[in-house]
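In what follows, a single structure is set out as structure tokens and then discussed.
Values quoted throughout were computed directly from the atomic coordinates according to the rules given, and no laboratory measurement underlies them. Given the structure is predicted, the values throughout are model-derived calculations rather than measurements. Reconstructed Cβ throughout: ideal geometry from the backbone, glycine too, with neighbour counts over all protein chains shown.
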Amino acid sequence: MTLDEYADRCEELFAVGGFTEVRKVAESGLEELGPDPVLYRWLGLAHAAEDEDDHDADAEQAYETGLAQWPDDLGLLVSYLELCLRADTWTYPGRATRVKRLKERIAGLAPAGSPEAARVEAALGWAGRGYWQDVRERTAAARTDRAALTSHSADVAEALEQGGQAPAHPEDLRAAEVAAALELLAGPWRAPFRLMVRHRAAAYVTAFVLVLATNKALVLSGAVSYSVWGWIWFVPLLLAESKLRQARRLARQRVIAAMEARHADAAAAG
């Protein structure tokens, strides 16, 4: 395969969260084509995306190996800077000390307004956040995740209303998420979950009313002076949402497998 084909496969897999698969593709490309800054960058990014100490060390090694041969490669420099800015200064002081050198190197190579310069500004803004900015950022991330789950729930509810899902491309992640959810919600024992997904807003309102009524009734009965037992009404809703989250994970695995199958077929045909 060519370098462009390896890079395209890495980009496709990275976009759907196939970080392990990206590393395999990048390593295969390095073995077949020899050292290349683009493949070292993808290898580093796929390690860094795991957000674990061991993977961060492997990402650092990939970036440094690439920069040893291509010291002016902006892709490697910016990716390495992002990794160093994310590192804890007490645990990894070496990465923190490299930030200034990397910034200066990038400033001399990346013109103002370039994509690389924009990435540097974004990374520096992230690293310079204070405590409350970090809290707001995490809150925004939680809201984004919640919105994605709500959108997924609406797609599943629509498919349940229609009695099924129209055929879709196996690499269509959104369609794969719906298909996986329909599978996980199938069966007579999961009928209550399907009902809660189809009428999500009403289910939450009903659960909240039952929480207030149950807690109030327990207190008025004299059984307890203060009650939180009513919150147990939210357990079925949480279980239904866990099914939707599980479906999203399963769909991601299936899409990655479909991409890998297409890549294998293309390699066999070529």
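In the chain, a dipole from Cβ-located charges (positive for Lys and Arg, negative for Asp and Glu) runs towards its positive end, and of ILE232, PRO188, PRO37 it is ILE232 whose Cα lies farthest in that direction. Using 0.36 nm per residue and subtracting the Cα-Cα separation, the extra length available between THR20 and TRP90 on full extension is 22.3 nm.
Shape analysis of the chain yields a ratio of the Cα radius of gyration to the Kirkwood radius, Rg/Rh, of 1.09.
Taking 35 Å as R0, compute the FRET efficiency from the Cβ-Cβ separation of THR144 and ALA68 and round it to 0.05. Once the sixth-power term is evaluated, E becomes 0.40. On the principal axes of its alpha-carbon atoms, the range 157-232 has extents of 59, 23, 17 Å, going from largest to smallest. Volume per residue for the range 206-270 equals 66 cubic angstrom (convex hull of Cα atoms).
How high is the relative contact order of the range 17-129, in percent, with contacts defined as C-alpha pairs under 8 Å that are six or more residues apart? Value for the range 17-129: 19 percent.
Extension gain for the segment SER151 to ASP265, taken as residue separation times 0.36 nm less the Cα-Cα distance, is 37.7 nm to one decimal. Remind me, relative contact order of the chain in percent, using alpha carbon pairs under 8 angstrom and six or more residues apart? With pairs under 8 Å counted, the relative contact order is 14 percent.
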